[in-house]
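Peer 1: Sending over a structure as structure tokens; questions will come in a sec.
The values are calculated or read from the model by the stated rules, or taken from the named source; none is laboratory data. Just so it is clear, the model here is predicted, and its values are computed rather than measured. All Cβ positions, even for glycine, are placed from backbone atoms using ideal geometry, and neighbour counts span all protein chains on display.
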Amino acid sequence: MEIELDNGEVLMATMLGLMRNTVARSAGIKDGRRGPLDQQSMDMDGMGAEVAFCKYFNLYPDFSLSPQSLTFDCLTQLGGKVDVKQTHYPDGRLLVLPEKKNAETTHYVLVTGKIPKFKIIGYAEKEQVFQDKNLKEMRGKKVYMIDQPDLQKF
């Protein structure tokens, strides 16, 4: 499923991503990125992916600017707590940090692309993510990792 954000959505995602980055760093929340891309771009595109996912499924994203760690991005109509994970790489994998194991999140969604174009790839339920077979090492740090073919489709 491909989604393109309009100009207003791009502006909103960019501003919120930058503000969230500032709030998180000011609050001392550790940067959990695993790739070589800069954190500000990752936060802007990550917010864009949240907006794209919510736009497609007619959900309302979390626009709060409070420090976020172990939180989720939106609620589904059935009460699912969704954490949207974004990557620039078209063949990228769903990556979830080990500390998220204690989060309230029930579903993790993989979205590829960057502002303004995104593609919703699939999802994994919490129980599927936090299995020993998915715990791998990436750039010297542990991360739960699921390949795209192993994700559930919408």
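Peer 1: Collect the residues in region 48-61 that are of a type outside the set (A, V, I, L, M) and crowded, with 17+ Cβ neighbours inside 10 Å, keeping them in residue-number order.
Peer 2: Residues satisfying the conditions are GLY48, GLU50, PHE53, CYS54, PRO61.
Peer 1: Give just the number: which of (1) modelled with pLDDT of 95 or more; (2) touching a Pro at 6+ places or on another chain (Cβ under 9 Å) does LYS126 not satisfy?
Peer 2: The one condition LYS126 does not meet is (2).
Peer 1: Looking at region 64-83, I want the residues that are loosely packed, with under 14 Cβ neighbours inside 10 Å and of a type outside the set (Gly, Ala, Ser) and have a partner that is in a loop (DSSP other than H, G, I, E, B) and modelled with pLDDT of 95 or more with Cβ atoms under 6 Å, at least 6 apart or on another chain. Which pairs are those?
Peer 2: As it stands, the answer is none, since no pair meets every condition given.
Peer 1: Within the set of pairs 6 or more residues apart or between chains, which connect a residue that is over 18 Å from LYS100 (Cβ atoms) inside region 142-154 to a residue that is modelled with pLDDT of 95 or more and exposed (fewer than 12 other Cβ atoms within 10 Å of the Cβ) with Cβ atoms less than 7 Å apart?
Peer 2: Every condition considered, the pairs that remain are GLN148/ASP91.
Peer 1: Follow-up question, since we're still on this one. Does region 116-154 hold any residues that are of a type in the set (Asp, Glu), within 21 Å of GLY79 (Cβ to Cβ) and surrounded by 12 or more Cβ atoms within 10 Å (Cβ to Cβ), and which are they? Steps first, please.
Peer 2: Of all residues in region 116-154, those of a type in the set (Asp, Glu) come to 125, 127, 132, 137, 147, 150.
If we keep only those that are within 21 Å of GLY79 (Cβ to Cβ) too, we end up with 125, 127.
Residue satisfying the conditions is GLU125 alone.
Peer 1: Which ones in region 54-91 are more than 25 Å from SER26 (Cα to Cα), in a loop (DSSP other than H, G, I, E, B) and of a type in the set (A, V, I, L, M, F, W, C)?
Peer 2: Answer for region 54-91, where residues must be more than 25 Å from SER26 (Cα to Cα), in a loop (DSSP other than H, G, I, E, B) and of a type in the set (A, V, I, L, M, F, W, C): LEU59, LEU78.
Peer 1: Quick one: which residue in PRO90, PRO98 is surrounded by fewer than 12 Cβ atoms within 10 Å (Cβ to Cβ) and under 26 Å from GLN40 (Cβ atoms)?
Peer 2: Details: PRO98 fails: surrounded by fewer than 12 Cβ atoms within 10 Å (Cβ to Cβ).
On inspection, the qualifying residue turns out to be PRO90.
Peer 1: Assigned to a helix (DSSP H, G or I) and either of a type outside the set (Val, Ile, Thr) or free of Cβ contacts under 8 Å to residues at least 60 places away in the same chain (or both), is that true of LYS119?
Peer 2: Numbers: assigned to a helix (DSSP H, G or I): no; either of a type outside the set (Val, Ile, Thr) or free of Cβ contacts under 8 Å to residues at least 60 places away in the same chain (or both): yes.
Considered against the rule, which asks whether it is assigned to a helix (DSSP H, G or I) and either of a type outside the set (Val, Ile, Thr) or free of Cβ contacts under 8 Å to residues at least 60 places away in the same chain (or both), LYS119 comes out as no.
Okay, residues lined up against (1) among the charged types (D, E, K, R); (2) farther than 30 Å from LEU135 by Cβ; (3) modelled with pLDDT under 95; (4) in contact with a strand residue (DSSP E or B) (Cβ under 8 Å, 6 or more places away or on another chain):
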{"site": "THR22", "(1), (2), (3), (4)": "no, yes, yes, no"}
{"site": "GLY28", "(1), (2), (3), (4)": "no, no, yes, no"}
{"site": "PRO36", "(1), (2), (3), (4)": "no, no, yes, no"}
{"site": "GLN40", "(1), (2), (3), (4)": "no, no, yes, no"}
{"site": "ASP45", "(1), (2), (3), (4)": "yes, no, no, yes"}
{"site": "PHE72", "(1), (2), (3), (4)": "no, no, yes, yes"}
{"site": "LYS85", "(1), (2), (3), (4)": "yes, no, no, yes"}
